[in-house]
1. Please give me, ordered by residue number, the trypsin sites (Lys or Arg not before Pro) of segment 141-184 that lie in loop per DSSP and have at most 14 other Cβ atoms within 10 Å.
2. Give me the angle, in degrees from 0 to 90, between the Cα long axis of helix 33-49 and the longest principal axis of the Cα atoms of the chain, rounded to the nearest 10.
3. How big is segment 32-189 in terms of Cα radius of gyration and Dmax, in angstroms?
4. If you fit an axis through the alpha-carbon atoms of helix 55-85 and take the longest principal axis of the Cα set of the chain, what angle between them do you get, 0 to 90°, nearest 10?
5. For Thr156, what residues show an amide H to amide H distance below 5 Å, using hydrogens built from the backbone and excluding near sequence neighbours?
6. Report the number of Lys pairs in the chain whose alpha-carbons are under 21 Å apart, with separation of 8 or more residues or on distinct chains.
7. How large, in Å, is segment 181-332 by the Kirkwood hydrodynamic radius built from its alpha-carbon pairs?
8. Find me the longest stretch of the chain that has none of the exposed chymotrypsin sites (Phe, Trp or Tyr not before Pro), where exposed means in a DSSP loop (not H, G, I, E or B) with at most 11 other Cβ atoms within 10 Å.
Amino acid sequence: MKRRQLWGGRFAEGPAEVLRRFNDSFAFDRELLSVDVEGSVAWAEELGRSGVLRPAEARAIARGLHAVREEWAAGGARAADAAVAAGHEDVHSYVEAALAEKLGPLAGKLHTGRSRNDQVATDVRLYLKGALAELEAGALELAGVLAVRAADEAATPMPGYTHLKRAEPVTFGHWALAYAEMLLRDAGRARDAAERADECPLGSGALSGTPLPVDRARLAASLGFARPTANSLDAVSDRDAAAEYLFAAGLLLVHLSRLAEDLIFFTSDEVRFADLPDRLATGSSRMPHKKNPDVLELVRGHAGRAVGELAGLLALLKGIPLAYDKDLQLDKEPLFRTRATLAAAVPALSALLAGLTLHRERMRAAASDDALLATELADALARRGVPFREAHDVVGRRIAAAEEAKASLAGLGPGDGVTSADLRALDVDQALARRAAVGGTSPRRVRAAARAVLRRIERQRRQRRRTGRRRRP
Ligand code: ARG
């Protein structure tokens with residue numbers, strides 16, 4: 001199928017090869033074909049309803065568009081590559097060319113009153129709706145895996161760290177739920193962004209609006225949008241939804257990167273609190289003993305790239321005058337790359353989290369280290385009336401003395417302001433049980449928190465299903 005030039009009339013000669021190589025976007029924006037067809041079908045139908053096209057013409061165009069999409073899907077990757085090699089400018093001109101093959105001159109009526117500017121803005125919104133829904137689902141899936149593990153490990157002690165130094169005991173469940181909280185916020189962010197993105201740019205024309213008597217609210221509803229955009233200049237050049245998607249994805253990946261970093265540490269040879277499942281670890285071509293956390297390292301690396309994608313898009317947007325400028329063509333690849341990254345990373349990480357083997361005894365032994373229980377001893381002194389500052393000092397001196405004597409905090413026995421009743425506070429399970437206030441690490445709290453997280457996940461999933469139904473006519 002030949003390239004169909006959408007704008008040749010006023011030019012004395014065709015586009016130079018060097019222009020086409022730089023200007024054409026079909027090699028990547030073909031990813032929008034399905035949503036582009038969806039938008040065009042809705043436009044054709046609205047042209048029919050508003051009397052711009054005869055009903056039979058609108059129907060024929062819509063049918064033709066559906067056929068174009070089906071053939072594209074059936075053709076697979078090979079046909080798509082061949083279409084790109086044939087040199088189409090972009091996904092919009094390709095679809096129109098494919099439609100013209102079927103309908104002849106009638107295909108030329110589809111673009112009445114429309115511009116590629118409102119068309120592509122609509123495509124991007126439709127695409128982002130899918131991408132944001134996927135992000136939300138992915139974040140909820142990971143939060144769910146973590147909450148299930150947290151319920152099982154609500155009483156599994158492990159060291160908690162600050163500055164990566166042993167600080168106070170926590171439970172593995174509490175650790176897992178910390179990430180579940182981050183992921184629930186990520187899912188909420190995707191939802192908020194989807195609501196803001198829920199406006200239809202179609203009918204904004206090139207920049208000033210469409211001169212046709214179309215009903216934009218009806219058009220928006222037919223595409224599953226809540227409402228039409230309010231200002232045509234803004235609508236054709238606004239890419240906030242793309243930036244919000246990249247931010248939500250970037251922050252999700254930042255959270256996952258922190259999780260990955262923790263797990264790289266926990267599974268390291270020096271720590272060994274946990275082991276990766278064999279089927280989710282990698283080996284070395286040279287060192288036969290190696291079992292490497294590549295999945296986790298890739299998550300960490302992708303987080304860095306995702307941050308760059310967001311920075312790149314914001315930099316692209318900051319200088320463009322109203323309304324549409326071709327810079328905006330470059331908004332798409334970061335979206336495609338980021339969505340593909342999440343689609344690969346989330347299932348891998350989810351399987352890894354579910355399959356992680358814990359070495360509970362090693363974790364408990366590490367969590368019972370004196371270093372983690374010094375706060376407990378100071379609190380015990382404070383409970384019987386010693387001002388906490390003074391208790392802190394007493395325990396500090398005892399730590400120095402214990403180090404000197406190569407003994408444990410309890411091993412020194414009572415004395416120097418510490419009673420034998422105080423020393424009974426040096427117990428990891430007691431320390432955990434005491435943190436029973438909301439948000440704390442006591443096993444009972446963690447069990448309840450895990451249940452609460454699972455309920456919140458279910459509630460958000462139900463909301464998704466409901467809005468999904470409402471929005472799709
Ligand atoms: N491929 C273009 C893009 O993605 C479509 C819009 C072209 N509009 C224009 N005025 N050149 O932005």
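Every number in this text was worked out from the coordinates using simple rules, so none of it is lab data. What you see is a predicted model; the values in this text were computed from it and never measured. FYI the Cβ positions are ideal-geometry reconstructions off the backbone, even for glycines, and counts take in every protein chain you see.
1. Within segment 141-184, no trypsin sites (Lys or Arg not before Pro) qualify (loop, at most 14 other Cβ atoms within 10 Å).
2. Taking the Cα atoms of the chain, the angle to 33-49 is about 50 degrees.
3. 25.0, 75
4. For helix 55-85, the angle is close to 60 degrees.
5. Phe172, Gly173
6. So the count of such lysine pairs works out to 6.
7. 18.8 Å
8. 12-473
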